1. Rounded to a whole number, what is D in µm²/s for the chain from Stokes-Einstein with the Kirkwood radius over alpha-carbon pairs (4 °C, 1.567 mPa s)?
2. How far, in nm, would the chain grow between residue 47 and residue 21 when pulled straight, counting 0.36 nm per residue and subtracting the alpha carbon separation?
3. Treating only the Cβ of Lys, Arg, Asp and Glu as charged (+1, +1, -1, -1), what charge dipole size does the range 1-142 show about its Cα centre? Round to the nearest 20 debye.
4. Hey, which lysines would be in cross-link range of residue 162, C-alpha to C-alpha under 20 Å, not counting anything within fewer than 8 residues on its own chain?
5. To the nearest 20 debye, what charge dipole does the chain have about its Cα centre, counting +1 at the Cβ of each Lys and Arg and -1 at the Cβ of each Asp and Glu?
6. Using the charge dipole of the chain (Lys, Arg: +1 at Cβ; Asp, Glu: -1 at Cβ; taken about the Cα centre), state which of 238, 52, 174 has its Cα farthest towards the positive end.
7. What order, most packed first, do the peptides 207-213, 95-101 have when packing is the mean number of other Cβ atoms within 10 Å of each residue?
8. Please give the calculated 222 nm ellipticity per residue for the chain, where each DSSP H segment of at least 4 residues contributes -39500 (n - 2.57) and the sum is spread over every residue; nearest 500 deg cm²/dmol?
Amino acid sequence: MTAPVRLAQRVCERFGVSRADAEQFIRNGWVSVDGVAIELPQHRVTDERVELDPDARLDAVEPATILLYKPPGYDAIAGGKPASSLVTPDTRWPDDPSGERLLRRHFHRLTPLVPMDAEASGLMVFSQDGRVWRRLTEDAALIEHEYVVEVSGEIAPYGLQKLSNGFAFKGRPPSPAKVSWQNETRLRFAIKGVQDGQLRHMCAQVGLDVVSIRRLRIGKVGLGKGPNGAMPPGMWRYLPVGEKF
């Protein structure tokens, strides 16, 4: 049996590349050991089959941004049941149209962005990209979110107009919104700078109880649809390079 060596050393020997390039190829997910991609240059190999993808490139891997369809009952930012636990290689949406290669490094240091009630469902964002973090935090008040809110009860007279005008919430002035009926029990909200609890508060002001809340869109980015329909709860997709909120 061959003595164990670092995977980077084996790639250097077999493919005639420099150590730096070998480590970059490995970190970028282009090297497989017995058919399994390995992203650790220090991984030890002996007689295993080591292959370098014919399409391998030395381009730096862009930081990942992941879009999750959060089911109800998971904590968005902090709590005992974090939505981040749903973001695993196995829960990637099979119809993800991004074309991004799945890398283990994409699951390191993912920051959850844009708060959401634990009881709510819908689009959540996790990112390694400082540009996305700045956009969704520093420009939060400028980005429109779209929600479907299922309600019960009888809406007060001129209730739709009052919802559109907004209500003061937690010391902040009213946030005007675009509000319309989707059907007899569901309201569609398009609103900027929304805070946790704000939609429930607004509905209560016009005599409505909230049954459920689902976020469909943040800025220009929605949950996503594929050939087999919409992305299901509990699954995620990549934000494609070039797509912006």
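All of the numbers you see were taken from the coordinates with simple rules; none came from a lab. Just so we're clear, the structure is a prediction, and the values are computed from it rather than from any experiment. Glycine gets a Cβ as well: all are built from the backbone with ideal geometry, and neighbour counts include every protein chain shown.
1. Estimated diffusion coefficient is 63 µm²/s.
2. Full extension from residue 47 to residue 21 adds 7.2 nm.
3. Approximately 400 debye in magnitude.
4. 170, 178, 192
5. 580 debye
6. 174
7. Values: 207-213: 16.7, 95-101: 15.0.
The densest-packed peptide leads the list: 207-213, 95-101.
8. Helix contribution divided over all residues of the chain: -4500 deg cm²/dmol.
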